[in-house]
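The values are calculated or read from the model by the stated rules, or taken from the named source; none is laboratory data. Only a predicted model underlies this, so the values are computations on that prediction, with no experimental measurement involved. Every residue, glycine among them, receives a Cβ derived from its backbone with ideal geometry; neighbour counts consider all protein chains shown.
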């Protein structure tokens with residue numbers, strides 16, 4: 001298989017059209033998010049694999065003749081993995097469900113249901129907490145002096161090509177404790193396209209159950225509205241808390257699909 005140069009990624013958006021509800025794919029192929037693209041033939045592509053160290057693999061096949069090639073790419077990618085994690089997922093058309101054992105380099109794997117929430121109407125608006133300072137990252141000039149910044153930067157750069165690119169094309173918010181100059185929670189766009197923002201929320205354990213996650217999420221939804229982009233949220237089908245938060249933010253379940261989870265260390 002050939003590794004495609006980044007500037008040519010966008011030429012293959014049409015080859016992943018069946019993954020239209022996966023924001024990360026378009027974000028990677030347009031160059032904002034990290035990823036490599038492998039393809040069997042530039043002129044007549046029949047097998048394409050996107051490798052992203054944060055998520056895993058996105059596979060597009062015209063037929064099952066290329067399953068071995070896909071496995072070889074996955075094995076080689078994992079050998080050069082710099083993230084350190086051994087847990088990944090594979091996104092592949094469900095028509096290959098009975099053949100996934102041929103591409104997964106592990107004896108242990110499982111199917112995970114993924115729920116996709118979004119909205120176009122922005123009707124719901126909750127009460128702001130008011131007592132927790134929340135700032136937009138791109139306008140927070142001294143954010144690097146706050147405890148937790150390096151961890152946040154690492155999270156951002158796990159999906160974005162750089163922190164600088166994120167500040168230009170991404171969106172993000174932090175909740176802070178001014179008393180000890182600490183970042184206690186964040187809501188960032190993991191991936192962004194011209195029309196959508198895929199965001200995630202994380203709150204420090206000692207500050208959870210105080211409504212901070214909802215406050216951050218609510219403000220992100222408002223940002224999406226102001227820039228005319230859809231807010232997009234993904235969670236697994238067994239994550240009840242995440243589903244409830246999505247609904248509380250006014251997001252609606254648009255679709256569900258499944259991925260294959262595996263641990264390459266087993």
Quick one: residue 141 ticks every box in (1) at pLDDT below 90; (2) assigned to a helix (DSSP H, G or I) bar one, so which box is it? (2)
By residue number, the members of segment 203-223 that are closer than 13 Å to residue 176 by Cα and buried (at least 18 other Cβ atoms within 10 Å of the Cβ) are 203, 212, 213, 215, 216
Tell me whether segment 180-193 contains one or more residues that are under 18 Å from the mean Cα position of the chain (by Cα), touching a residue at least 24 places away in the same chain (Cβ under 8 Å) and not in a strand (DSSP E or B). yes
Considering only residues of segment 86-124 that are exposed (fewer than 11 other Cβ atoms within 10 Å of the Cβ) and under 21 Å from residue 233 (Cβ atoms), which is modelled with the highest pLDDT? 120
Scan segment 4-48 for residues that are touching a helix residue (DSSP H, G or I) at 6+ places or on another chain (Cβ under 6 Å) and under 19 Å from residue 83 (Cα atoms) and jot them down. 32, 33, 35, 37
It is to be established whether one or more residues within segment 65-85 are surrounded by 12 or more Cβ atoms within 10 Å (Cβ to Cβ) and either within 30 Å of residue 244 (Cα to Cα) or assigned by TED's automatic domain parsing to the domain that holds residue 235 (or both). yes
Of all residues in segment 60-82, which are under 22 Å from residue 22 (Cα atoms) and not in a helix (DSSP H, G or I)? 60, 61, 62, 63
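Report yes if residue 201 is more than 24 Å from residue 84 (Cα to Cα) and in a strand (DSSP E or B), otherwise no.
Values: more than 24 Å from residue 84 (Cα to Cα): no; in a strand (DSSP E or B): yes.
Considered against the rule, which asks whether it is more than 24 Å from residue 84 (Cα to Cα) and in a strand (DSSP E or B), residue 201 comes out as no.
Report the residue count in segment 168-192 for those that are in contact with a helix residue (DSSP H, G or I) (Cβ under 7 Å, 6 or more places away or on another chain) and modelled with pLDDT under 95.
Total satisfying the criteria: 1.
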